[in-house]
1. How many residues does the stretch 194-238 contain that are within 21 Å of Ala289 (Cβ to Cβ) and part of a helix (DSSP H, G or I)?
2. Condition check: more than 20 Å from Ala112 (Cα to Cα), crowded, with 17+ Cβ neighbours inside 10 Å and within 20 Å of the chain's Cα centre (by Cα). Does Ile173 satisfy that?
3. Counting only residues that are of a type in the set (Ser, Thr, Tyr) and closer than 30 Å to Lys292 by Cα, which one in the stretch 239-257 is most open to solvent (accessible area, probe 1.4 Å)?
4. If you scan the stretch 143-170, which residues turn out to be assigned to a loop (DSSP other than H, G, I, E, B) and aliphatic (A, V, I, L, M)?
5. Just checking, which of Gly180, Gly270, Gly189 is open to solvent by 10 Å² or more (accessible area, probe 1.4 Å) and within 26 Å of Met101 (Cβ to Cβ)?
6. Report, by residue number, each residue of the stretch 171-193 that is of a type in the set (A, V, I, L, M), under 30 Å from Lys268 (Cα atoms) and not in a loop (DSSP other than H, G, I, E, B).
Amino acid sequence: ADCKVLYVNAKSDPSVQQQQVDSMITKKVDAIILDSVDSKSIASSVKKADEDGIPVIAYDRLAEGPVSAYTSFDNETVGKVQGKALLEALGDKAKSGKIVMLNGWEADPNAAMFKKGAMSVLKGKVNVGKSYDIDRWLADKANEAMTGAISSLGKDNIVGVYSANDSMAGGAITALKSGGLNPLPPVTGQDAEIEGVRRVVTGEQYMSVYKSYLDEASAAAEMAIALGRGEKVNESNTVDSPTTKDIPATLITPISLTKKNIKDTVIKDGIYKIDQICTAKIKAACAAAGLK
């Protein structure tokens, strides 16, 4: 109960994060929970921490260097969940046109796993017209890519959009609307961001992936306390990074979030309340989805 938490946020700047980790090492913290911005560039800071006897728990994405433990979601499964949902939404139209793939940022190791999982489901069942790796997961970059895809493929040839997360889905949907696609093709997402959930309610976005942040954060805290006390973490799973093998890992199962199960996921778990999701603008759609 008397555990002291020091918190900093690098705001997606790798060099700032390196400085922050170095500062934590100077302060002689007992353990570091690290959500790496750039998994490669942070490796030298992870090495410094390890040399000073400070365990580093990689949180959400797997940092390189000698990390002591890792907690995230089963990221290939995330991609599979997205791919299966897109196929379900397309039905017998799966091969009637092209799908556009908006994958995550190349510097994020999770992005490759999402893509691998999605392609394991989609390969041979859809025609990929365009595939982009979106810089820093930015919505405006996804918007640019989607606009380019519409121009290249033609609006009538796009039957679906694989978007690796909700932010990019938002950018893509804006481009689809501007490009005159009506009705909108099914678009995937991830993270159950509130704007993404609202788009799922209205039908603009077909699905998101809900990942229980409570489970992930609790796992990270338990690992940090154990390692900070000099104890071992007993995890049945292990993962390998490009630099370190057999890292103890807690991998949490992701859930496909659609209009049908919003009540049983983000509302039930207390992530959002109905009145937070259901603004005046989407009140009718919420009522139709049973959110009232």
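1. Within the stretch 194-238, residues that are within 21 Å of Ala289 (Cβ to Cβ) and part of a helix (DSSP H, G or I) number 9.
2. Considered against the rule, which asks whether it is more than 20 Å from Ala112 (Cα to Cα), crowded, with 17+ Cβ neighbours inside 10 Å and within 20 Å of the chain's Cα centre (by Cα), Ile173 comes out as yes.
3. Thr253
4. The initial filter retains those residues of the stretch 143-170 that are assigned to a loop (DSSP other than H, G, I, E, B), namely 154, 164-165.
The answer is Ala164, and nothing else.
5. Residue meeting the stated conditions: Gly180.
6. Listed by number, the residues that qualify are Ala172, Ile173, Val187.
Yes or no, residue by residue, for (1) in contact with a Leu (Cβ under 8 Å, 6 or more places away or on another chain); (2) closer than 22 Å to Leu251 by Cβ; (3) of a type in the set (Asp, Glu):
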residue: Val21; (1), (2), (3): yes, no, no
residue: Met24; (1), (2), (3): yes, no, no
residue: Ile32; (1), (2), (3): no, yes, no
residue: Asp35; (1), (2), (3): no, yes, yes
residue: Ile42; (1), (2), (3): yes, yes, no
residue: Lys47; (1), (2), (3): no, no, no
residue: Ile54; (1), (2), (3): no, no, no
residue: Ile57; (1), (2), (3): yes, yes, no
residue: Glu64; (1), (2), (3): no, yes, yes
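Residue by residue, here is whether (1) open to solvent by 30 Å² or more (accessible area, probe 1.4 Å); (2) under 25 Å from Thr253 (Cα atoms); (3) of a type in the set (Phe, Trp, Tyr); (4) modelled with pLDDT under 95 holds:
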{"residue": "Lys98", "(1), (2), (3), (4)": "yes, no, no, no"}
{"residue": "Asn103", "(1), (2), (3), (4)": "no, yes, no, no"}
{"residue": "Glu106", "(1), (2), (3), (4)": "yes, yes, no, yes"}
{"residue": "Phe114", "(1), (2), (3), (4)": "no, yes, yes, no"}
{"residue": "Ser131", "(1), (2), (3), (4)": "yes, no, no, no"}
{"residue": "Arg136", "(1), (2), (3), (4)": "yes, yes, no, yes"}
{"residue": "Lys141", "(1), (2), (3), (4)": "yes, no, no, no"}
{"residue": "Ala145", "(1), (2), (3), (4)": "no, no, no, no"}
{"residue": "Ser152", "(1), (2), (3), (4)": "yes, no, no, no"}
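The values are calculated or read from the model by the stated rules, or taken from the named source; none is laboratory data. Note that the coordinates shown come from a computational prediction; the quantities given were computed from them, not determined experimentally. For neighbour counting, all protein chains shown are included, and Cβ atoms are generated from backbone atoms with ideal geometry for every residue, glycine included. For accessibility, only protein heavy atoms count, side chains too; no ligands or nucleic acids. Shrake-Rupley method; radii C 1.70, N 1.55, O 1.52, S 1.80 Å.
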